[in-house]
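Reviewing the structure listed below.
The values are calculated or read from the model by the stated rules, or taken from the named source; none is laboratory data. Nothing here was measured: the structure is a model prediction, and the numbers come from that model. Cβ sites come from the backbone with ideal geometry, for glycine too, and all protein chains shown count toward neighbours. Each accessible area value is taken on the protein alone, full model and side chains, heavy atoms only, with ligands, DNA and RNA left out. Shrake-Rupley method; radii C 1.70, N 1.55, O 1.52, S 1.80 Å.
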Amino acid sequence: MNRLVPIKTKEDIFPEYRDTPIGDLLEYHDLGRDFDSYDSAQLLVGMCMDNRKHLNIPDNFSYIIRAGGANLRYSEFKVSFAIAIGNVKHIAIIGHSNCGMVNLASKKEKFIGGLVESAGWERTFAEEHFNQFAPLFEIGNEIDFVLTEVKRLRNRYPKVTVAPMYYRVEDNRLYLVRED
């Protein structure tokens, strides 16, 4: 079963997200809906720091936290701020194709060499840095990680709607992720 659901019409948006800020995000980005005006954020978007992704959304519509792999484990205070102070009730977690946080071990030598060459680090320090942090940020499969992160956030914030999404870099479109 294909877990990715393309959004070609409003009816493609799952009923639980339709006519919510999550549905609005999908309509703005994938359906080209005209932008409404916002005085405050309507949702929080957690997405990867990858430079190949850009959301087509109105100003003031969303808080956005960018973290490698859309991994918000170490940004939880910011998530809590958006909920407690920003009063958001919806979160979209967006993974993407070809994420650099997948299979970090294969990038170890390039990572270490890059820090030595570009940042002026000592090789030993760069290697220790990789060994300490790579296991915290490795995500495995992008879709599976998004579903795990959504489940974790739903448990942490039970009154907040959290939706799993996927951004295909190849076509610059958002997809809903089936959870069954």
Among (1) assigned to a loop (DSSP other than H, G, I, E, B); (2) among the aliphatic types (A, V, I, L, M); (3) crowded, with 20+ Cβ neighbours inside 10 Å, where does residue 94 come up short?
(1)
Checking residue 142 against (1) of a type in the set (Asp, Glu); (2) at pLDDT 95 or above; (3) within 21 Å of residue 64 (Cα to Cα): exactly one of these is not met. Which one?
(2)
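If you check residue 150 against the conditions, is it closer than 20 Å to residue 48 by Cβ, touching a strand residue (DSSP E or B) at 6+ places or on another chain (Cβ under 9 Å), in a helix (DSSP H, G or I) and free of Cβ contacts under 8 Å to residues at least 60 places away in the same chain?
On the way: closer than 20 Å to residue 48 by Cβ: yes; touching a strand residue (DSSP E or B) at 6+ places or on another chain (Cβ under 9 Å): yes; in a helix (DSSP H, G or I): yes; free of Cβ contacts under 8 Å to residues at least 60 places away in the same chain: yes.
Spelling it out, residue 150 is indeed closer than 20 Å to residue 48 by Cβ, touching a strand residue (DSSP E or B) at 6+ places or on another chain (Cβ under 9 Å), in a helix (DSSP H, G or I) and free of Cβ contacts under 8 Å to residues at least 60 places away in the same chain.
Residue-by-condition table, conditions (1) assigned to a strand (DSSP E or B); (2) under 13 Å from residue 174 (Cα atoms); (3) over 17 Å from the mean Cα position of the chain (by Cα):
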site	(1), (2), (3)
2	no, no, yes
22	no, yes, no
37	no, no, yes
40	no, no, yes
55	no, yes, no
59	no, no, yes
74	no, no, no
78	no, no, no
With respect to residue 86, is the statement that it is over 30 Å from residue 129 (Cβ atoms) and either among the small types (Gly, Ala, Ser) or not in a strand (DSSP E or B) (or both) true?
yes
What number of residues within segment 14-47 are in contact (Cβ under 8 Å) with a residue 60 or more places away in the chain and in contact with a strand residue (DSSP E or B) (Cβ under 7 Å, 6 or more places away or on another chain)?
11
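With 105, 119, 82, 70 as the choices, which residue is more than 19 Å from residue 174 (Cβ to Cβ) and buried (at least 19 other Cβ atoms within 10 Å of the Cβ)? Reasoning before the result, please.
Numbers: 105 fails: buried (at least 19 other Cβ atoms within 10 Å of the Cβ); 119 fails: buried (at least 19 other Cβ atoms within 10 Å of the Cβ); 70 fails: more than 19 Å from residue 174 (Cβ to Cβ).
Of 105, 119, 82, 70, the one residue that is more than 19 Å from residue 174 (Cβ to Cβ) and buried (at least 19 other Cβ atoms within 10 Å of the Cβ) is 82.
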Mind checking which pairs have a first residue in segment 114-139 that is among the aliphatic types (A, V, I, L, M) and a second that is outside any helix (DSSP H, G or I), Cβ under 9 Å, 6 or more apart or different chains?
115/121; 116/122; 136/71; 139/71; 139/95; 139/99; 139/101; 139/102
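Quick check: is even one residue across segment 146-161 charged (D, E, K, R), open to solvent by less than 40 Å² (accessible area, probe 1.4 Å) and modelled with pLDDT of 95 or more?
Restricting attention to segment 146-161, the residues satisfying the condition of being charged (D, E, K, R) are 149, 151-152, 154, 156, 159.
Filter once more, so that each one left must be open to solvent by less than 40 Å² (accessible area, probe 1.4 Å): 149.
Pick out the ones that are also modelled with pLDDT of 95 or more and you get 149.
Within segment 146-161, one or more residues are charged (D, E, K, R), open to solvent by less than 40 Å² (accessible area, probe 1.4 Å) and modelled with pLDDT of 95 or more.
When only residues in segment 64-89 that are in contact with a Cys (Cβ under 9 Å, 6 or more places away or on another chain) and of a type in the set (A, V, I, L, M) count, which is nearest to residue 102 (Cα to Cα)?
Initially, segment 64-89 is screened for residues in contact with a Cys (Cβ under 9 Å, 6 or more places away or on another chain), giving 66-71.
In the following step, the residues that additionally are of a type in the set (A, V, I, L, M) were identified as 67, 70.
Working: 67: 13, 70: 12 Å.
If we take residues in segment 64-89 being in contact with a Cys (Cβ under 9 Å, 6 or more places away or on another chain) and of a type in the set (A, V, I, L, M), then 70 is nearest to residue 102 (Cα to Cα).
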List the residue pairs whose Cβ atoms are under 9 Å apart, where the first residue sits in segment 56-85 and is under 26 Å from residue 144 (Cα atoms) and without any contact (Cβ under 8 Å) to a residue 24 or more places away in the chain, the second is β-branched (Val, Ile, Thr) and open to solvent by 20 Å² or more (accessible area, probe 1.4 Å), and the two are 6 or more positions apart or on different chains.
64/57
